[in-house]
Amino acid sequence: MKKLFLLFCFITFLVGFTQDNSKWYSTKEEAINYGLEQESSNAILLSVDEYNGETIVFFELNKALGVASITESKKGFSWYRDKAFSGFDGDSPYSTMGFEMETKQGSKISILVGKAFDKSIKQMKILDGGNEKILPITENSRLFYTIHNAPFSSLEVIPIVD
């Protein structure tokens, strides 16, 4: 019985250990290019941000925002995305939402994303506990996004119009 239990534990360990299907690349750029290709040939890279030692990739697919991270290890660099895409429909001037993404290394990062439906809105101003940040609006999808530290409910979002 003890041998059977040890065999079960060993097989469980092996299965758990080999389930990392990540593809590893020698540079961040190669990992980002691979990740975008895997998402879709229509994926558009919006920005790559460094945040608390993590590389965060923002991209657009079918007018929705995707967020991924690049994991770095001794093996190289790998693409990782844990959340679905954030898309919006609506008839208000703009819409926002917040979510928390988790990187493969376990870091939790708060993201604000929104969409400006009103074409006269050229940028968005975010007030975050006394800090002010101006966010550009993407041309194709009219999305805006940022990483933030304050609770989503405490952020003030102000449209900047012509």
Computed over the chain, protein heavy atoms only, probe 1.4 angstrom, the accessible area per residue in square angstrom equals 61 Å²
Between the Cα axis of helix 2-18 and the main Cα principal axis of the chain, the angle (0 to 90°, nearest 10) is 40 degrees
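Roll a 1.4 angstrom probe over the protein heavy atoms and tell me the percent of accessible area of the chain that is carbon or sulfur. Mind dumping the intermediate values first?
Working: 5210 of 9870 Å².
Using a 1.4 Å probe with all protein chains present, the chain comes out at 53 percent carbon and sulfur.
Any number yet on Rg/Rh for segment 16-162, C-alpha, Kirkwood? Walk me through the intermediate numbers first.
On the way: Rg = 16.1 Å, Rh = 16.2 Å.
Result for segment 16-162 is an Rg/Rh of 0.99.
Nearest 0.05, what FRET efficiency do ALA64 and SER26 give at R0 = 45 Å with Cβ-Cβ as r? Show your work: numbers first, answer last.
On the way: r = 30 Å, r/R0 = 0.67.
After rounding, the FRET efficiency stands at 0.90.
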Between the Cα axis of helix 28-39 and the main Cα principal axis of the chain, the angle (0 to 90°, nearest 10) is 80 degrees
Across segment 24-161, qualifying lysine pairs (alpha carbons under 17 Å, at least 8 places apart or different chains) come out at 14
Rounded to the nearest 10 Å², the 1.4 Å probe accessible area of ILE160 is 50 Å²
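Given charges of +1 on the Cβ of Lys and Arg and -1 on the Cβ of Asp and Glu, with all other atoms neutral, how large is the dipole of segment 24-161 about its Cα centre, in debye to the nearest 20? Working shown, then result.
On the way: 14 positive and 19 negative charges, 4 e Å.
So the magnitude is around 20 debye.
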With R₀ set to 30 angstrom, the calculated FRET efficiency between the beta-carbons of TYR34 and MET97, to the nearest 0.05, is 0.60
Karplus ³J(HN,Hα) for segment 53-68 (6.51 cos²θ - 1.76 cosθ + 1.60, θ = phi - 60°; Hz, whole; x = Gly/Pro) runs x, 10, 9, 10, 10, 9, 8, 10, 9, 6, 6, 10, 8, x, 10, 9
Going residue by residue through segment 121-132, the Karplus relation 6.51 cos²θ - 1.76 cosθ + 1.60 with θ = phi - 60° gives ³J(HN,Hα) values, rounded to whole Hz and with x marking Gly or Pro, of 7, 9, 8, 10, 9, 10, 9, 10, x, x, 8, 10
Sorting MET124, SER73, VAL157 by the position of each Cα along the dipole of the chain (Lys, Arg +1; Asp, Glu -1; all at Cβ), the one nearest the positive end of that ordering is SER73
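The values are calculated or read from the model by the stated rules, or taken from the named source; none is laboratory data. None of these values were measured; they are calculated from a predicted model. FYI the Cβ positions are ideal-geometry reconstructions off the backbone, even for glycines, and counts take in every protein chain you see. SASA here: full protein model, heavy atoms, side chains in, ligands and nucleic acids out. Shrake-Rupley method; radii C 1.70, N 1.55, O 1.52, S 1.80 Å.
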